[in-house]
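This report concerns only the one structure given below.
The values are calculated or read from the model by the stated rules, or taken from the named source; none is laboratory data. Predicted model only: the values in this text are computed from it and were never measured. When we count neighbours, we look across all protein chains shown, and the Cβ atoms used for this are built from the backbone with ideal geometry, even at glycine. We work out accessible area using only protein heavy atoms, side chains counted, and drop any ligands, DNA or RNA first. Shrake-Rupley method; radii C 1.70, N 1.55, O 1.52, S 1.80 Å.
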Amino acid sequence: MSSTISDRSSLHRISLAGLLVTLGIVFGDIGTSPLYVMKAITGVNPNFNPDYIIGAVSCVIWTLTLQTTVKYVLLALRADNNGEGGILALFALLRKRYGRKLWIVAAIGAAALIADGVITPAITVTSAIEGLKIVVPHVPVIPIVILIILFIFIAQQMGTGKIGKFFGPFMLLWFLMLGILGCINIHLFPMILKAFNPWWAIKLLWNYPGWFLILGAVFLCTTGAEALYSDLGHCGRKNISVSWIFVKIMLILNYLGQGAWIIANGSYASTVNPFYAIMPSWFTIPGVIMSTGAAIIASQALLSGSFTIFSEAINLNLWPKLKIKYPSVEKGQLYIPAVNWSLLAGCLLTVIIFRDSSHMEAAYGLAITITMLMTTALLTFYLHSLNVNIILCSLFLIFFATLEGLFFIANLFKFAHGGWFSILIAGVVATVMIIWNKATILRASYLEYKRMDESTGLITAIKNDNEIPKFASNLIYLIQSSEDDKIESKVIYSIVNKQPKRADHYWFIHVTHDDSPDTLEYSVNIIIPETIYRVNLRLGFRIEPKVNVYLRQVIEDLQAEGQLDLRSGYPSLRAKGIPGDFRFIILRRIFSPSSNCPAAASFIMRMHQKLRRLGISDQEAFGLDTSMVTSETVPLIINTTPSRRITRIKKK
């Protein structure tokens with residue numbers, strides 16, 4: 001564990017190696033935008049004139065400046081939660097001060113970001129492969145795209161630790177290629193440099209009646225900004241900020257070069273993808289290969305970000321527990337099979353429905369504007385938490401909410417042409433998050449607790465009652481009570497009433513998922529020596545929850561301090577120094593049909609029961625050996641109104 005933290009922290013220091021790794025991890029999404037942005041802009045107005053293209057490129061430059069540079073690189077990257085970034089990490093940081101009132105904002109933003117993660121691999125890979133049409137007009141694009149997407153997702157389960165080392169050098173070549181291709185085409189129309197003047201962007205949007213369509217196309221240049229923030233934990237703010245200077249210069253040079261080529265070639269430019277058209281003919285095949293590689297890297301980065309989002313969502317009680325694997329220790333990489341295959345299905349569905357990148361552009365962008373709006377709202381609270389003047393906080397909110405609101409309105413016009421698809425995905429994910437969180441809160445509010453000291457005497461008596469068959473030497477319950485002096489009444493019921501469970505030691509373990517990524521610590525409360533122990537585990541969201549492993553380490557510490565005798569209670573085994581056995585008890589609380597509660601609460605609880613099928617069992621989630629786990633089902637009865645008592649009829 002310490003080596004993992006050391007590896008990650010080393011990447012947070014500015015160095016050539018750190019900057020190179022950052023290029024490979026962080027900028028894949030925004031770095032592949034030139035594949036389709038200018039193509040989308042010419043598609044809006046095929047009968048363009050030079051002023052239109054200059055104004056559009058100006059919009060791109062200033063969108064990258066205001067949205068990506070100012071909001072994300074200069075401001076958002078400073079809003080880190082113990083080094084982690086992204087909308088859920090930001091929410092986790094804020095809930096310490098503002099409670100849970102912002103959780104719906106975070107859930108909606110995270111869901112929209114997942115929708116972006118479904119469409120991005122499809123549009124980037126398709127745009128890359130479509131370049132082959134220049135050389136082979138009848139190339140079967142869709143089958144090739146599907147094969148590449150299958151490769152990307154299948155490779156996730158093997159980890160990307162080794163091939164990830166090549167991402168940085170490859171993306172360095174990619175960005176150099178973008179800049180060089182742009183530079184060698186600017187001379188075709190040098191006046192394209194006017195685009196640095198924001199007046200051309202304002203003039204275009206003011207005079208052109210289809211301004212919303214232009215903004216919808218321009219917005220595609222900054223869709224990777226949110227992913228950039230989400231990757232903060234991988235590389236650190238300084239490396240990202242310094243790398244962005246180089247990346248932004250290369251991107252702008254390429255957009256300028258494409259713009260100059262488009263103006264120089266007139267109406268013909270609207271019939272081809274200018275990204276490939278600015279390449280020398282001999283470079284087309286290498287260019288397609290480079291584009292495909294960049295698309296794969298961009299997809300990989302988004303998938304890693306999606307796994308992190310779901311991992312955080314699980315710890316924040318926004319999603320059912322899922323099986324999480326750790327194929328590589330590098331950068332705390334994790335892999336969630338259920339998420340991987342679900343995203344694969346979404347990507348393949350995107351390719352099959354929309355067929356080409358031009359149609360995918362309509363589905364792309366709408367959802368991510370929602371994420372950006374939600375991030376702006378959370379960043380406003382973050383600035384307020386730093387005691388920034390309320391006027392400055394308001395100005396920040398008004399400016400970026402207005403800018404992103406315009407982008408959102410512009411993308412809404414693409415709803416019928418494909419935007420519905422991303423909103424559908426985001427809507428499904430957000431609905432699951434909202435229902436799961438509400439149900440978790442509701443369930444917790446109706447759990448009944450007892451004071452621990454009211455039951456310790458009875459538990460001790462059961463331990464000493466030889467008439468009761470011994471259930472286990474060490475009996476372990478995973479409990480939900482966060483207070484040391486309280487325990488769920490159902491746990492006591494399980495020990496005493498359901499089947500008296502005699503044991504030498506009773507362990508009550510409470511697991512807290514910490515907002516920090518690498519927290520791994522515990523505390524012990526010895527309630528009755530050699531009888532009752534309470535262990536509080538605090539696990540960061542990047543820590544694999546192997547409860548039985550950590551409990552063993554806790555026991556080793558207690559033995560070393562002379563606070564625990566783990567030898568078996570059976571005389572024959574104790575004489576040989578053989579340790580006692582362990583058995584975990586997990587209580588499954590099932591919503592009872594006999595509950596008497598409002599219809600809304602009943603609906604949420606029933607949906608929660610169905611959504612549990614999306615996740616894994618508690619013993620899998622906590623990494624327990626199923627051979628030593630007993631699962632007991634207990635009813636969860638919610639009564640908010642007094643139930644009617646039956647009337648006894650007395651015989652005369």
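Amide H contacts of G569 (H built 1.01 Å from N, in plane; Pro and chain starts excluded): no residue 5 or more places away or on another chain comes under 5 Å. Between the residues I144, Y506, F175, the greatest Cα displacement towards the positive end of the dipole of the chain, with unit charges on the Cβ of Lys, Arg, Asp and Glu, is found for Y506.
Amide H contacts of V629 (H built 1.01 Å from N, in plane; Pro and chain starts excluded): F584 sit under 5 Å, all sequence-distant by 5 or more or on other chains. The long axis of helix 547-560 is offset from the longest Cα principal axis of the chain by roughly 50 degrees. Normalised by 2.2 N^0.38 Å, where N is the number of residues, the C-alpha radius of gyration of the chain stands at 1.12. Net charge in the neighbourhood of L539 (other residues with Cβ under 10 Å of its Cβ; Lys, Arg +1, Asp, Glu -1) is -1. Note: relative contact order over the chain, using C-alpha pairs below 8 Å and six or more positions apart, is 19 percent. Taking all protein chains as they are arranged and a probe of 1.4 Å, the heavy atoms of V70 leave approximately 50 Å² accessible to solvent.
In straight-distance terms, cross-link reach from K450 covers every one of the aspartates and glutamates whose alpha-carbon lies under 20 Å from its own, apart from those fewer than eight places away in the same chain; here that gives E483, D484, D485, E488, E632.
Counting Lys and Arg as +1 and Asp and Glu as -1 over every other residue whose Cβ lies under 14 Å from the Cβ of S602, the net charge comes to +4.
Going by alpha carbons, how many degrees (0 to 90, nearest 10) lie between the helix axis of 16-25 and the longest principal axis of the chain? Result, in degrees: 90. Among beta bridges from DSSP that stay inside the chain, the antiparallel ones total about 30%. Counting lysine pairs in the stretch 456-575 that sit 8 or more residues apart in sequence, or on different chains, and whose Cα atoms lie under 15 Å apart gives 5. With helices as the sole contributors, the chain gives -17500 deg cm²/dmol at 222 nm; each DSSP H run of n ≥ 4 counts as -39500 (n - 2.57), and the sum is divided by every residue. Helix 284-315 axis versus longest C-alpha principal axis of the chain: approximately 30°, rounded to the nearest ten. Taking GluC sites (Glu not before Pro) as exposed when DSSP calls them loop and at most 13 other C-beta atoms lie within 10 angstrom, the chain has its longest site-free stretch at 1-447. Computed over neighbours whose Cβ is under 9 Å from that of R451, the net charge equals -1, Lys and Arg +1, Asp and Glu -1.
Think of the stretch 475-533 as a dipole: +1 on every Lys or Arg Cβ, -1 on every Asp or Glu Cβ, centred on the Cα centre; then among V496, P529, Q480, V496 lies furthest on the positive end.
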